């Protein structure tokens, strides 16, 4: 299956790409933020220090502080020295203009100080610490700035955020579940057909407690609060919170509010009710409160949104109990507010208190089962998907490509070309690579054509592909205004259908592609920012904070299982 040497096929040196050396430089500098965050912090604090001391020098200047209006300095340097000093020929003229000249000197004195200090700042930026005399206090402040920037660089780039996980390359990694559990029939509907009914009953009991007492704290619940990040990030956080609620035996609610130009749809616009009442807005209406009052109640906040500048702050603190402790003991509060933008499943899977439960009810890959049980697209989303789904069903083979060309972490021109050649090689080596189950289920497929399902965020690229591929292209034309409901519904439909392709190739560090392949449990191909196309060992979506999990006190090498291989380099 992995016989294709994509490192050789798509190497930078062999490609002849004109910007290949610049591509290497950009990749090296921008990988994980490079040194830009410490550098920007350093320059920002340095300029702030210069401005603060400049302001103090102007405000506390002796002449201004004492109200002096002496013009001796101006007179000495002024080309109109004789006029300032006066003369016998015109004493009356000078006496009449002396007040104006003194006022001008008072006005231009701070301007002169500001300009001279700005020149000194520029010189200090060039010569940094070696230029001119500085007070003892300023030396202490500037030394502290330098050491803080150095600390931030070490904290972000070396200690807290390693380039990859500690992969054990010298041995075969074991599975997270034991041998007897590996062979259990854990299909994508296993959880939905079994334990999900038990959870719905538990949710109903806690839900009734809240309604009966008209108090949000009367029942044990988890409320997932959707962030203002993209739609894919919301889905990843939603399923993380749902898994936490299942493990903690709590009711599960979702506070899903539109957020500016990012997501403009309500929860009911995207999904049907999953068999239990999960919309927190409706619960709040029954309690006679506003959803914005949620955090006014006593609660415990779980905050795991990805935060590069603060890895030593709240994300680590909240990951410790999630991965290491019993949730009943670590989270005694009745109300849990859950904020997350990425998949936290690996941390929960390796928690010693819940590892056995997850292996029994989910197997080694809980993500597709959680998505299958919880998420049912709304009627409108199904209407959008249906024409394109029929094209997929009537195709011989379908290769899905998620091409991210806008926003942060967009792929460059070279990576896009690698993605296309990777897809073509998959088709030409189909028998060597794999025969997906969805492909094998098609009857009479030999007379059908191969097609490409393209999910891209650029209309220009979509039009160009339509001219090149013709009827072989399956591409949706979603509205590009993210702030509208229709746009979010089309985005969900596109994300949903991406997972139904026979082979999936995704852009690195994109929750859109991660949700697409994770929902159907298909191992994707990924084109990383080093210009390589490779297939992930399993279908688990990448956990962007797995490197943070390895910083926890309870982390053990036994956590480096085969299911965690995908997390070695989430940034691609």
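The values are calculated or read from the model by the stated rules, or taken from the named source; none is laboratory data. The shown structure was predicted, so the numbers you read here are calculated from the model rather than taken from an experiment. Backbone-built Cβ (ideal geometry, glycine too); neighbour counts: all protein chains shown.
Do the conditions hold for residue 388, that is, is it within 27 Å of residue 257 (Cα to Cα) and not assigned by TED's automatic domain parsing to the domain that holds residue 257? In short, no. Among the helices (runs of 4 or more DSSP H) confined to the stretch 229-287, the ones with at least 3 residues that are crowded, with 24+ Cβ neighbours inside 10 Å and in contact (Cβ under 8 Å) with a residue 60 or more places away in the chain are located at 231-248.
Screening the stretch 449-532 for strands (runs of 3 or more DSSP E) wholly inside it with 2 or more residues that are within 25 Å of residue 374 (Cβ to Cβ) returns the ranges 450-456, 503-506.
The residue that is nearest to residue 402 (Cα to Cα), among those in the stretch 469-485 that are out of contact with any helix residue (DSSP H, G or I) (no Cβ under 6 Å at 6 or more places or on another chain) and in contact (Cβ under 8 Å) with a residue 60 or more places away in the chain, is 482.
As a summary of the residue check, residue 405 satisfies the conditions (1) modelled with pLDDT of 90 or more; (2) surrounded by fewer than 20 Cβ atoms within 10 Å (Cβ to Cβ); (3) farther than 25 Å from residue 430 by Cα; (4) touching a helix residue (DSSP H, G or I) at 6+ places or on another chain (Cβ under 7 Å) except for the one numbered (1).
Residues checked against (1) outside any loop (DSSP other than H, G, I, E, B); (2) farther than 30 Å from residue 275 by Cα; (3) not assigned by TED's automatic domain parsing to the domain that holds residue 344:
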site: 357; (1), (2), (3): yes, no, no
site: 364; (1), (2), (3): no, no, no
site: 368; (1), (2), (3): yes, no, no
site: 384; (1), (2), (3): yes, no, yes
site: 402; (1), (2), (3): yes, yes, yes
site: 409; (1), (2), (3): no, yes, yes
site: 415; (1), (2), (3): yes, yes, yes
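Of all the residues in the stretch 428-456, those that are modelled with pLDDT of 80 or more and crowded, with 16+ Cβ neighbours inside 10 Å number 6.
Residue-wise test of (1) touching a helix residue (DSSP H, G or I) at 6+ places or on another chain (Cβ under 9 Å); (2) modelled with pLDDT of 85 or more; (3) not assigned by TED's automatic domain parsing to the domain that holds residue 430.
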site: 506; (1), (2), (3): yes, yes, no
site: 509; (1), (2), (3): no, no, no
site: 513; (1), (2), (3): yes, yes, no
site: 518; (1), (2), (3): yes, yes, no
site: 532; (1), (2), (3): yes, no, no
site: 535; (1), (2), (3): yes, yes, no
site: 546; (1), (2), (3): yes, no, yes
site: 557; (1), (2), (3): no, no, yes
